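Asks: My structure is below; once you've seen it, I'll send some questions.
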Amino acid sequence: MIFNALAHFIQYLLPIPKTQKFFLMDIKPINQSNIEACAEVFIQAYNQAPWNYNWNLDDAIIYLKEYASSPQFVGFVLLNNDQIAGVILAHTKTWWTNKQLFIDELFVSPQFQKMGLGDKLMTHIEDYAQSNNLQTITLMTHKYMPAMAFYTKKDYLHAQPFVMLFKNLI
C-alpha cells in the first residue's frame with residue numbers, strides 16, 4: 001500500500017530539462033475560480049504554431065465557460081506548483097450503444113510541451129472514464145496537425161467514414 005502511494009506520487013514528478021529540477025505535478029478538477037487562468041494557457045497554446053489562432057482573453061474565457069457550464073462537464077487542470085501547465089475539457093453523453101466521454105479540448109502551456117503532460121492528462125481522463133463506467137472516449141482533431149499523431153500513438157482510431165461539416169453564414 002505504501003509502495004502504491006509512493007508510485008502514485010513519483011508519477012507526477014517530472015524533470016524539467018532547462019533547469020534539471022523536479023516539479024510536483026498535481027491534477028485537479030477545473031472550477032469557476034481557475035477558468036481565467038485556463039483561458040490564458042489556452043491562448044498561449046493556440047495562438048502559436050502550429051495552430052496560429054488569434055484568440056483574445058475575453059473570448060477564450062467565454063469559450064471555456066460555455067463548456068464548464070454544462071451539467072455533463074468534466075474538466076481537469078494539471079498544476080505545476082499551483083501554476084496551470086495543462087488542461088483537458090470533456091463532457092459525458094449518452095449514445096445508443098453506451099455512455100461516452102467526448103474530449104472537447106486538450107492543451108498544454110508552451111513552456112511545458114513535449115514533457116509528457118498531455119499523456120498525463122489523457123491517462124487521467126481515461127481513468128476517470130473507466131471509474132465512471134463510460135465505455136467510449138471520442139474526440140476530434142485536425143488530421144494534418146501534430147495532435148493526430150499524438151492521439152493515434154495513444155491507440156485512438158481514425159473513424160474514416162465520418163466527416164465534420166460546417167457552413168459559414170457571414
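The values are calculated or read from the model by the stated rules, or taken from the named source; none is laboratory data. Keep in mind that this is a model prediction, so the values were computed, not measured. Positions of Cβ are backbone-derived with ideal geometry, glycine not excepted, and every protein chain shown enters the neighbour counts.
Asks: Checking the conditions here, which among 122, 140, 115 is aliphatic (A, V, I, L, M) and surrounded by fewer than 15 Cβ atoms within 10 Å (Cβ to Cβ)?
Replies: 140
Asks: Could you tell me whether segment 51-59 includes any residue that is of a type in the set (Asp, Glu), touching a Leu at 6+ places or on another chain (Cβ under 8 Å), closer than 28 Å to residue 145 by Cβ and modelled with pLDDT of 95 or more?
Replies: For segment 51-59, residues of a type in the set (Asp, Glu), touching a Leu at 6+ places or on another chain (Cβ under 8 Å), closer than 28 Å to residue 145 by Cβ and modelled with pLDDT of 95 or more: absent.
Asks: Across segment 143-170, what is the total count of residues that are hydroxyl-bearing (Ser, Thr, Tyr), surrounded by 10 or more Cβ atoms within 10 Å (Cβ to Cβ) and part of a loop (DSSP other than H, G, I, E, B)?
Replies: 1
Asks: Of all helices (runs of 4 or more DSSP H) completely enclosed by segment 20-139, which ones contain at least 2 residues that are in contact with an Asp or Glu (Cβ under 7 Å, 6 or more places away or on another chain)?
Replies: 57-68
Asks: Checking residue 104 against (1) touching a residue at least 40 places away in the same chain (Cβ under 8 Å); (2) in contact with a helix residue (DSSP H, G or I) (Cβ under 8 Å, 6 or more places away or on another chain); (3) under 24 Å from residue 48 (Cβ atoms), which single condition isn't satisfied?
Replies: All conditions are met except number (1).
Asks: Still on this structure, I have one more. Taking segment 27-58 as the search range and keeping residues that are under 19 Å from residue 73 (Cα atoms) and free of Cβ contacts under 8 Å to residues at least 12 places away in the same chain, which one is surrounded by the fewest Cβ atoms within 10 Å (Cβ to Cβ)?
Replies: If we take residues in segment 27-58 being under 19 Å from residue 73 (Cα atoms) and free of Cβ contacts under 8 Å to residues at least 12 places away in the same chain, then 33 is surrounded by the fewest Cβ atoms within 10 Å (Cβ to Cβ).
Asks: Only one of (1) within 27 Å of residue 132 (Cβ to Cβ); (2) out of contact with any Gly (no Cβ under 8 Å at 6 or more places or on another chain); (3) β-branched (Val, Ile, Thr); (4) modelled with pLDDT of 95 or more fails for residue 103. Which number is that?
Replies: (4)
Asks: hydroxyl-bearing (Ser, Thr, Tyr), over 24 Å from residue 116 (Cα atoms) and under 15 Å from the mean Cα position of the chain (by Cα): does that describe residue 67?
Replies: In short, yes.
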